[in-house]
Amino acid sequence: MDLNFHGTEDQLEQYALGRLAESDMTVLEEHLLVCAVCLERLDQMQDFSVGMREALIADGVAPARENTVQRNTLSWWSRFGLPEWLGKPGFALVLAGAAVVLAVGLSVTGNTNIAPTASLQLTAMRGTMPYSLPAKEIHLTLIDAPQTGGPFRVEVVDSTGKSQWAGSILATAGGAQLDIRKTLSQGDYFVRLYNSEGALVHEYGFRVRS
Amino acid sequence: MASDAVPESEAPRPEVLQVTDWAKLVQRIHAGEPAAMEELYAIFAKGIRYFLLRNLGPEELDDKVHDCFLIVTQAIRNGELREPDRLMGYVRTVVKRQIAGSIDSAVQQRRTRAEFDDTLLTVSDWREDPERTVMARQRADIARKVLSSVSRRDREILNRFYVQEQTQEQICADMGLSYNQFRLLKSRAKARFGEIGKRLAAGVGVNLRKPA
């Protein structure tokens, strides 16, 4: 192998994002083992690409919520054929009070408001644990899962090692994906990916918290 | 994106590496030459350390690096390395096995401990590293600052690439972009990211919370 094969910017970026093809990965990783300059470049690329992804995801969530609130406020009264004066401050105060009573009632009876879905992108790197709010269904993307082969067996366990979900997934170019169709309570969870021979390939961590 | 011109260099050009004669190095280690061991360490220590840190975190890092070298040198001394020219590939395989083994043992440990007591122990090796958490937050803040300075269209292009994971070919076709325009947008965003990061590292006041 050519020792002076320095990965291109594109290759380093694909590697940092966990999207580099297996065939290119071997060559690049061997080079990274001996090239301090490329390790530095990879670090910078990792900071940038992961930072952009996180910021774009965070950015995408906030405006969507704002739009929903605004749309509901503008159309609510007319949608049900009710007069606009119901939205005047006096009535709004009464309605707000009723909403508080209803919310308290729901929380007492245990019917707390849980988001229908949440999604997380996980990498097998140790460090910070990505987290999600409690949701009825969690969509997980295992970014650096193998892009070929499979099916892979997946097990989701809680921090005590108790199995919470199990199934199998196929490898895809954008990372393996799975939907956990159950509400996970608050706590730490680990996603374990096994190959067809039963060997552990990756372990991922995430947290559910309010 | 007014121009198609792509910066000549997006990053400092990596230096030319001294080409090592792997077979000769393996032969010297096999013969027990201490200088050859030092050479092996000098070549691979940083890279091995990097991969272990990236995959396993900082815990017992020095021991894990040492273990990798032990395995490699033992294999060489025992004459188990069939293709000395492929030393880099062998080192990579050893590091990957060590990573997989460490993860496996962490998983087993969690299972065993959980059997002893389900409630008292929090058996996570994904402990929050405060330094990493601060760095991750800072990284996201810098990226937000960069995003606040690009147009809505450019943001959509970045979103398609980094979040929706579309290929550059698909993005260029959908958005009517040339490959150079696409690269230029990314390299500008990356340059801005680096610039803000440097200013931050130098202690120059950067207001990360408010858009520019």
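So that you can scan it fast, the table gives a plain yes or no per residue for (1) closer than 23 Å to B:Ala191 by Cα; (2) out of contact with any Ser or Thr (no Cβ under 8 Å at 6 or more places or on another chain); (3) at the interface with chain B (Cβ under 9 Å from one of its Cβ atoms); (4) aromatic (Phe, Trp, Tyr):
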| residue | (1), (2), (3), (4) |
| --- | --- |
| A:Phe5 | no, yes, no, yes |
| A:Asp10 | yes, yes, yes, no |
| A:Leu17 | yes, no, yes, no |
| A:Glu30 | no, yes, yes, no |
| A:Ala36 | yes, yes, yes, no |
| A:Arg41 | yes, yes, yes, no |
| A:Asp47 | yes, yes, yes, no |
| A:Ala55 | yes, yes, yes, no |
Which of the residues spanning the stretch B:83-93 are in contact with a Phe, Trp or Tyr (Cβ under 9 Å, 6 or more places away or on another chain) and surrounded by fewer than 19 Cβ atoms within 10 Å (Cβ to Cβ)? B:Glu83, B:Pro84, B:Asp85, B:Arg86
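Restricting attention to the stretch A:4-37, which residues are among the aliphatic types (A, V, I, L, M), out of contact with any Cys (no Cβ under 8 Å at 6 or more places or on another chain) and free of Cβ contacts under 8 Å to residues at least 40 places away in the same chain? Talk me through it step by step, then tell me what you get.
Initially, the stretch A:4-37 is screened for residues among the aliphatic types (A, V, I, L, M), giving A:12, A:16-17, A:20-21, A:25, A:27-28, A:32-34, A:36-37.
If we keep only those that are out of contact with any Cys (no Cβ under 8 Å at 6 or more places or on another chain) as well, we get A:16-17, A:20-21, A:25, A:27-28, A:33-34, A:36-37.
Result: A:Ala16, A:Leu20, A:Met25, A:Val27, A:Leu28, A:Leu33, A:Val34, A:Ala36, A:Val37.
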Within the stretch B:138-154, how many residues are surrounded by fewer than 19 Cβ atoms within 10 Å (Cβ to Cβ) and free of Cβ contacts under 8 Å to residues at least 40 places away in the same chain? 4
Checking the structure you have, find out if any residue of the stretch A:152-170 is surrounded by fewer than 18 Cβ atoms within 10 Å (Cβ to Cβ), under 21 Å from A:Gln14 (Cβ atoms) and either not aromatic (Phe, Trp, Tyr) or not assigned by TED's automatic domain parsing to the domain that holds A:Arg192 (or both). yes
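How many of the residues making up the stretch B:34-78 are among the acidic types (Asp, Glu), part of a helix (DSSP H, G or I) and touching a residue at least 12 places away in the same chain (Cβ under 8 Å)?
Filtering the stretch B:34-78 down to residues among the acidic types (Asp, Glu) leaves B:38-39, B:59-60, B:62-63, B:67.
Imposing the further condition that a residue be part of a helix (DSSP H, G or I) reduces the set to B:38-39, B:62-63, B:67.
With touching a residue at least 12 places away in the same chain (Cβ under 8 Å) added as a condition, the list becomes B:39, B:67.
The qualifying residues number 2.
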If you check B:Asp125 against the conditions, is it farther than 23 Å from A:Gln46 by Cβ, of a type in the set (Asp, Glu), modelled with pLDDT under 80 and not in a helix (DSSP H, G or I)? no
Near pairs, Cβ below 9 angstrom, 6+ apart or cross-chain, from the stretch A:38-60 (closer than 12 Å to B:Arg144 by Cβ) to any residue that is acidic (Asp, Glu): A:Gly51/B:Asp141; A:Ala55/B:Asp141
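The values are calculated or read from the model by the stated rules, or taken from the named source; none is laboratory data. Computed from a predicted model, the values in this text were never measured in an experiment. Counting neighbours? That spans all protein chains shown, and the Cβs are built from the backbone with ideal geometry, glycine included.
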